[in-house]
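Student: Dropping a structure here in structure tokens format, bear with me for questions.
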Amino acid sequence: MPATTTFQPILPPTLTPAEDAALRALATPLLSDNMDRLVGATGLNKYHRQGMLVGTALTVRSRPGDNLGMYQALALMQQGHVIVVDAGGDLNNAICGDLMRAYAVSRGCAGFVVDGAIRDVASFANGDFPCYARGVVHRGPYKSGPAFLNLPVSIGGQVVRPGDIVVGDEDGLVFIAPDRLADTIAAAQAKLRAEQAIMAEIEGGAERQSWLHGLLGQMGIQV
């Protein structure tokens, strides 16, 4: 491995099939609402056609505009990893495009999260390989490093560690620490059931929301 790369050699574990299925049944707002409404990247856009992003983070910190580390991560990854790249939010040079997307698909990569720019955007927009990035530019990348692999990075204002669980949908991105995954899933499932009950009341023509009536009562407000 080139001297320009710093690498933590223990790759993060991937999700179990049950964990993957549970997360795919939950929208990101259900997850973030049960994590103090503070967890998740901001400022990144979805570029693929449809489908959720679910997997575990294999992280890269690169020099702005350089994709050497991203290629190295793809060579090292295991199926189910999400390549999460801290490129400093730089939009001057794209660090991935159609060739890297095709390579990632062939490797079983779960998706890209790039705090930087991409190009060949039509290849992402016309397919279902999950990709989130800060922006798009036609100028291509450098390949000289340095890069730091499998170490903590900053994505859209949030610290992401190797092995954090990544969930993305139309509403954005959430990152979950592995030791909080089970509790977060359970809480999100409970919130989903509660919201389904509220929707049933609305569709049934209820004039008053039972949850609001109860909350105002607890606050001592006459209803």
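Since every read-out is calculated from the coordinates, none of them should be taken as a lab result. Everything numeric here is computed off the predicted structure, so don't read it as measured data. Glycine gets a Cβ as well: all are built from the backbone with ideal geometry, and neighbour counts include every protein chain shown.
Student: Among the trypsin sites (Lys or Arg not before Pro) within the stretch 137-212, which fall in a DSSP loop and have no more than 10 other Cβ atoms within 10 Å of their own Cβ?
Tutor: In loop regions of the stretch 137-212 (DSSP not H, G, I, E or B), the sparsely surrounded trypsin sites (Lys or Arg not before Pro) are 208.
Student: Between exposed GluC sites (Glu not before Pro) in the chain, where DSSP calls loop and at most 10 other Cβ atoms lie within 10 Å, what's the longest gap?
Tutor: Answer from the scan: 1-169.
Student: Further, regarding this structure: Only counting other Cβ atoms within 10 Å, I'd like 52, 100 sorted with the fewest neighbours first.
Tutor: 52, 100
Student: What 222 nm value per residue comes from the helices of the chain, counting each DSSP H run with n ≥ 4 as -39,500 (n - 2.57) and dividing by all residues, nearest 500 deg cm²/dmol?
Tutor: So the helix-based figure for the chain works out to -9000 deg cm²/dmol.
Student: Report which label in (i) -0.51, -0.61, -1.17; (ii) -0.40, -0.48, -1.12; (iii) -0.56, -0.64, -1.12 holds the value of log10 I(q)/I(0) by the Debye sum over Cα atoms at q = 0.09, 0.10, 0.17 Å⁻¹ derived from the coordinates of this structure.
Tutor: Label (ii) holds the value from this structure.
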